[in-house]
Each structure stands twice: as C-alpha cells, then as structure tokens.
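See structure below.
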C-alpha cells in the first residue's frame with residue numbers, strides 16, 4: 001500500500017443541478033466551447049437548458065457538435081480550431097464519455113501548437129504530456145465512463161487504427177456538474193452498457209490490484225452490489241430517478257480513484273482488449289466489455305482463484321468449500337455474466353458478428369498497451385499476446 | 001442525494017514516505033514551521049528524520065513545539081507569532097490530530113491580523129471565515145482524527161471553556177504525507193482511542209445521514225468492519241505494520257469525505273457531546289467518544305431502529321426478525337461497546353471520574369453547536385438539550 005491519491009475536481013451532484021451550469025462556468029471563463037455528441041442533448045432539451053443557464057450568467061458560447069462514440073483525434077483537432085477561432089476560454093462537455101474525453105483533450109490541444117495526437121500517450125514514443133489546459137466543466141448525460149471526475153481520456157486514431165489513452169493531472173475537470181435527471185432519457189441498451197462499464201471499472205481494479213487492500217475490496221464490492229441492484233432497476237424503468245441517481249454515483253466512484261486508491265492495479269487488461277476490438281469495429285465500449293470481462297475473469301480465476309472466490313461470496317452470497325474453490329469462483333463469474341445478459345448486454349463476439357479473423361491483430365494491439373514503461377507485461381496474471389488471443393477465443 | 005464533494009489534498013501514503021518530506025515541502029516553501037505536540041516525535045526519532053529530510057532538500061525550519069491535546073487557541077497564536085518572527089512560508093504538522101488541527105489554524109492565523117479566535121466558527125457570531133493560509137503539509141503520527149486530509153480543525157478556548165471547530169476550503173492541506181511506520185510506537189491506549197475515533201467518524205455519518213445512500217452505507221460498513229478487525233490487531237501488537245497501515249487508511253477515508261459524500265449528515269451529535277465534555281475535563285477525545293457513542297446509539301436506535309438493524313446485520317452478521325427489530329439493533333450496539341471495552345476503551349463516564357454535576361452545562365454547550373445556521377436542532381433524531389442530558393445519564 002504505497003500510493004498517491006489526488007483528485008481536485010469539484011463535484012456538484014444531484015437532480016436539477018444543470019440549472020447551476022451558468023453560475024459555475026462563469027467562475028472559470030466568459031466564453032464556453034460546448035462540446036456535444038450525436039444530437040441527443042438537443043432532442044431532449046438538455047442543450048437548450050444548458051445554453052439558457054449560460055445566457056443568464058452572461059457566458060457566451062461556441063459549439064463543437066458531433067463527437068462520435070470512440071472519439072477521434074480529428075474531432076479533437078476540429079474542437080481546438082473552434083476554440084482558437086472563436087476565442088473560447090472554458091470548455092463545457094455535455095454528453096457521454098466520448099464527448100467528455102474529447103472535450104478534455106480539446107482543452108489541452110487548444111493550448112498546444114503541434115499535432116494533437118502527440119498528446120495521447122500510452123504505447124507511443126515521443127508522448128507530449130499535457131501540462132496545461134483551458135478549464136474543463138463536465139456535464140455527463142450518461143452514467144458509464146466516470147470520465148466526469150477523472151483525468152483520463154480515450155481517443156482513437158482512425159488513420160492508424162489505434163485507440164489509445166492519456167491520463168495526467170492537467171486533464172482533471174475543474175467542475176463535474178452531475179445531474180442524474182439528464183440520464184432519464186438514455187435508452188435501455190445504452191443504460192445496460194453503462195452499467196457494464198461501471199462494473200468493469202471496478203472489477204479491473206479489484207482483480208488486478210495489489211494484495212492486502214481489505215478496505216478497497218469492501219468499497220469495490222459495495223459499488224458492484226449497488227451497480228447490479230440499481231442497474232437492473234434503471235434498465236427496467238428508465239424513469240426511476242432513484243435508480244438513475246445510484247447508478248450515476250456508482251459510475252463516479254468506480255473511476256475517480258476512491259475505490260481503487262492504493263490498490264494500484266497492474267493494468268486494465270479487459271479495457272485494453274476491448275479497445276483493440278473497438279479500434280477495428282464500431283462497437284459500444286460497454287457492450288465490448290460485457291463480452292471480454294467474463295472471458296478474462298475465467299482466464300484469471302484459474303491463475304488466482306482466491307480473489308474470485310471472495311467475489312462470489314461477497315457479491316452473490318455463494319458458499320465456497322475452500323478459499324481457492326475454483327468451482328465457486330467460476331459460478332460467481334457465471335452469475336455476473338447472466339446478469340449482463342439479463343439486462344441485454346451481448347456476452348459473445350459472435351453476437352456482434354465478430355469472428356476470429358483478426359484475433360492476432362487485436363492481441364498484438366492490446367499487448368502493445370498492456371505493458372509498463374519498461375516493457376513488462378501487465379495484468380494479474382501478466383498477459384502475453386498469446387494469453388490475450390486465448391481469452392478472445394473463449395469469447396467467440 | 002444533492003451534494004458537493006471537493007478535496008484537493010494530494011495524499012502520499014505508505015511505509016517509509018517520511019523520507020520524501022523535504023522534497024515535498026520544498027515545492028511549497030523555503031522555510032517551514034514544524035508544529036509538534038508533547039515530544040513523542042523527538043523521543044522516537046521522527047523529528048530528526050523529518051529535519052534531516054528538510055535539510056537535504058535545502059528547506060530551513062523553525063519550531064512550534066508543545067501543542068496540547070485539545071489544542072488551545074493560545075498555542076495557535078504562539079505558532080502564528082513564530083511564523084511572523086521567523087519568516088516561515090510553509091507549515092508542517094508533525095503529530096496527532098491536535099497538532100494537525102493547530103497547524104491548520106496557525107497557517108490561517110499567520111495571514112490574519114485580528115484575534116485568531118475570530119477564525120473559529122461554529123456557534124459564535126462574527127465568525128471570520130479563513131480564505132487564505134500558508135501551504136500546509138500534514139504528517140500524522142497517529143491514526144485517529146483524519147485531520148491529515150480534511151479541512152476541519154477543532155480548537156479550544158480555555159478562558160471561555162468553549163471547544164469549537166472550523167471547517168472551510170482554505171484549510172485543506174496541500175499535501176498529506178502519511179507514513180504508517182510513524183504510528184508503530186503509539187501506545188496501546190492511544191491506539192485504541194484512535195480506533196474508536198475512526199469508527200465514530202463513520203457511525204456519525206452513517207446514522208445521521210440522509211436516507212437512500214446505499215453505496216455510502218457499504219463504504220461505511222466496509223470501513224467499520226476493517227477498523228474493528230485491524231484495530232484489534234494493532235492494539236494487540238503495535239509492531240504489526242500491516243495492521244497499522246490498514247488502521248491509518250481507515251482513519252483517512254473515515255473523514256476525508258469519501259465515505260460520507262452525499263450522506264449529508266445532519267450534525268455529528270456524538271462529537272458535539274464529547275467536545276462539551278472535554279472542554280471541561282482533559283480527557284482524550286477518542287476515550288470520550290467510546291463513552292458517548294454507544295449511549296447515543298441506544299438513544300437513536302429507539303427512534304429509528306431500521307438503520308441500527310442494518311448495522312447489526314452487516315457488521316456483526318446478526319439475524320433480525322424484522323427490519324425494525326429493536327432487540328437486534330441493541331445487540332449490535334452491545335457488540336460494538338464490547339469491542340471498545342475489549343481494546344481498553346472506557347465506556348462509562350464514571351470510569352473517568354465524571355459525575356452528573358455539570359450535565360446541564362455539557363448539554364447546554366453541546367446543544368449550542370448542534371444546530372444549523374437557522375437554529376434548527378441537528379442529529380437524527382434532532383436533539384434538544386434535554387435529549388443530550390438523557391444520553392449522558394445513560395452513560396454514567
């Protein structure tokens with residue numbers, strides 16, 4: 001347990017808080033770039049409410065709409081150009097994880113003269129670490145990535161088919177304005193993928209973290225238990241504000257550092273494998289995770305049954321025969337997979353029409369980013385290219 | 001669940017991290033005021049190690065030693081005077097909760113020309129809210145108050161016999177440098193009182209918080225379960241570094257906002273009652289809490305058995321007959337009290353030689369601070385002066 005924790009983002013949470021947007025943004029700038037995704041914020045009136053709040057507070061704005069899922073570095077460049085042309089001095093992300101991730105990197109790229117792709121780090125040489133950004137205000141409209149209150153961003157390069165990420169202090173939003181009402185209109189499938197994303201963030205830290213972190217384990221288990229219980233309700237009835245609220249809070253704690261602090265996870269193998277898949281196929285991140293996570297868990301449980309037994313016991317109340325009871329461990333994984341299926345997530349690649357043609361390519365891409373700065377393989381157990389291909393095979 | 005969360009303190013945690021002190025402090029100032037308590041840091045060599053690390057990094061220092069338990073506003077004034085005389089520009093707190101609390105207010109008082117007592121807020125008119133401080137680096141030598149990573153400080157005025165507190169953003173330490181090795185020499189009784197303090201911080205939020213916070217409930221329960229398990233080990237064997245590490249981490253999360261975020265507790269009645277006691281008697285805070293908390297819990301359980309039943313179920317595995325099974329709720333409280341006794345905490349006022357002579361005075365003092373800005377009574381249930389006196393009677 002040797003670690004650092006730092007998260008200076010000021011969180012403002014609660015139903016109805018969107019109305020505070022103008023007041024909040026006005027403390028950080030006079031002209032906002034509003035970054036949005038595919039248009040749902042306009043269809044559901046969220047954009048108008050946001051603009052009206054900015055207007056009331058005397059904050060002008062420009063717009064960068066149309067950020068795609070798996071956001072592209074070309075969109076980042078477009079956003080940074082608008083900032084410069086229009087003289088924006090604060091960035092407001094109004095959307096899901098892709099929109100927030102793009103907005104964070106736009107906030108850095110606007111102050112950087114070179115190619116924005118330089119700012120995206122892991123796995124590439126000559127990474128230019130962003131050290132300053134325009135102030136960022138995140139307003140999530142989906143409970144999933146936790147991007148609203150962390151300093152990470154995942155960006156894709158469609159030219160090179162690389163999906164990579166950057167995580168550095170300068171990217172912490174100044175403010176995360178989180179209004180669960182904005183998620184009431186999220187359709188069932190996206191709600192379910194979000195729930196899967198939340199659970200996977202927690203399981204990655206839980207299963208790949210260091211030993212001897214009993215408090216973090218309880219935090220992780222508490223988050224998973226609630227993501228399952230309230231996720232089920234949010235999928236069943238999208239208008240259930242209490243369920244939306246709990247799922248949103250789970251999404252924040254799952255990846256803002258609270259739950260993982262000190263667990264120091266040795267990589268996020270499930271995410272790295274999913275990124276390699278979605279760099280080649282336009283699949284929703286959460287759906288990809290629903291396929292990869294159970295497959296990875298079965299692989300890892302064989303190497304390290306104890307932690308998976310604890311998962312089975314504490315999440316599902318199963319009674320192991322021994323602390324390394326693999327059968328019990330696998331039953332816990334089966335239950336999680338059954339839950340994901342029950343809320344409508346795919347759990348096999350074939351359901352998305354993905355075959356084994358490019359397995360070695362996915363494995364190679366994932367292995368490239370699933371290693372530390374010295375080239376050591378990451379994950380518990382540490383995963384080679386061959387291990388990754390094996391996991392993918394069991395997910396067919 | 002409408003709330004804000006903000007905690008910009010940079011936490012550096014782990015055995016051996018004291019050696020980083022100089023490097024860390026040098027980023028925030030060139031001459032430190034080292035604030036210490038009764039001398040144990042000198043006896044155990046911690047002071048010398050700290051100074052040596054500052055020396056290596058080229059940081060000069062002055063010293064403000066002798067901060068008492070239940071730190072006094074006169075000590076704060078003395079510290080602020082040394083800062084001015086010696087030209088210090090960063091404050092290093094090296095000690096327990098009292099030392100850290102005093103150091104925080106010294107950091108504010110050094111930049112304030114009036115009487116430092118003006119800066120201590122709750123319950124007094126004309127509170128001057130501190131808005132700027134010298135940078136603060138906390139180095140706790142005791143796992144208890146959580147002061148290392150929050151923006152609160154409790155200060156006593158011996159002239160007026162008032163123990164009050166201040167909690168405001170400016171008092172967040174820049175850095176909390178938390179090295180569990182520094183707690184290896186803490187004697188059994190102080191270790192036990194610290195464990196009680198940690199548990200009470202969590203139960204205050206858990207029982208006085210809003211309804212509908214299932215994730216926070218799990219976080220709280222996970223912290224309590226571990227504070228009990230590892231607290232027992234740390235008291236049994238003070239050299240158990242793993243136990244010391246877990247207790248230290250529990251102390252941080254118990255009061256840095258992680259566990260309570262969104263629970264919005266309606267006051268900290270047990271703390272307010274204990275403060276009223278220790279303003280009149282020089283008792284260790286954690287020992288006072290061990291007496292007041294079970295008594296308060298029995299009082300509150302009658303008004304609101306459900307939450308206490310959940311506590312009994314999840315902490316002690318008890319099986320209630322109904323969700324409002326008061327007998328089960330009280331058995332959970334008995335178990336907690338028995339645990340506190342087992343580690344050597346007093347659980348009755350008579351053990352400290354305190355009788356009922358001043359009960360109405362304690363009740364009056366506690367009631368003064370156990371109310372919101374509009375004068376409404378706080379606590380769940382809201383507590384009148386008479387309720388407080390009733391709780392004290394059952395603690396005789």
Averaging over every viewing direction, what projected area does the convex hull of the Cα atoms of the range A:86-171 cover, in nm²? 5.8
Taking only the alpha-carbon positions of the protein assembly as shown as identical scatterers, the Debye log10 I(q)/I(0) at q = 0.05 Å⁻¹ comes out as -0.26
For the range A:188-394, the Rg and Dmax computed from alpha carbons only, in angstrom: 16.1, 48
Kirkwood Rh and Cα Rg combined as Rg/Rh, the range A:10-183: 0.94
Can you give the log10 of the normalised intensity I(q)/I(0) at q = 0.12 Å⁻¹, computed with Debye over equal Cα scatterers of the range B:132-237? -0.53
Would you list A:385, A:163, A:307, B:104 from fewest to most Cβ contacts within 10 Å? A:385, A:307, A:163, B:104
Quick one: helix B:46-56 against the long Cα principal axis of chain B, what's the angle to the nearest 10°, folded into 0 to 90? 40
Would you mind ranking B:230, B:117 by Cβ crowding within 10 Å, fewest neighbours first? B:117, B:230
Summarise the partner chain shielding of B:219-225 as one whole number: the mean count of Cβ atoms from other chains within 10 Å of each residue's Cβ. 4
Taking Cα atoms, how many degrees apart are the long axis of helix B:269-280 and the longest axis of chain B, rounded to 10 and kept between 0 and 90? 60
Helix-only estimate, please: 222 nm mean residue ellipticity of the protein assembly as shown, summing -39500 (n - 2.57) across DSSP H runs of length 4 or more and dividing by its residues, to the nearest 500. -15000 deg cm²/dmol
Relative counts (whole %) of C-alpha pair distances in the range B:13-109, using bins that are 5 Å wide: 3, 15, 26, 25, 21, 9, 2
Would you list B:164, B:384 from fewest to most Cβ contacts within 10 Å? B:384, B:164
Could you work out, residue by residue across A:5-15, how many beta carbons of other chains sit within 10 Å of that residue's beta carbon, and then give the average as an integer? 6
Antiparallel DSSP bridges in chain A: what percent, to the nearest 5? 25
Let me check the size of chain B from its C-alpha atoms; what are the radius of gyration and Dmax in Å? 20.2, 66
Inter-copy spacing of residue A:264 label points, which lie 7 Å from Cα along Cα→Cβ, given in nm from shortest upward: 3.9
Other copies of residue B:236: label-to-label distances in nm, shortest first, labels 7 Å along the beta-carbon direction: 4.3
Taking every pair of distinct Cα atoms and averaging 1/r, then inverting, what Kirkwood hydrodynamic radius in Å comes out for the range A:319-396? 14.7
The base-10 log of I(q)/I(0) that the Debye equation returns for the range A:250-313 at q = 0.13, 0.15, 0.22 Å⁻¹, one scatterer per C-alpha, is -0.45, -0.60, -1.13
Rounded to whole angstrom, the alpha-carbon centroid of the range B:231-303 lies from that of the range A:163-202 at a distance of 34
Can you list, largest first and rounded to whole Å, the semi-axes you get for the range A:19-67 by taking the square root of 5 times each eigenvalue of its Cα gyration tensor? 19, 12, 7
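Read the figures in this text as sums done on the coordinates, not as results from a lab. If you're wondering where the values come from, they're calculated on a predicted model, not measured in any experiment. Because the Cβ atoms are built from the backbone with ideal geometry, glycine has one as well, and the counts that use them run over all protein chains shown.
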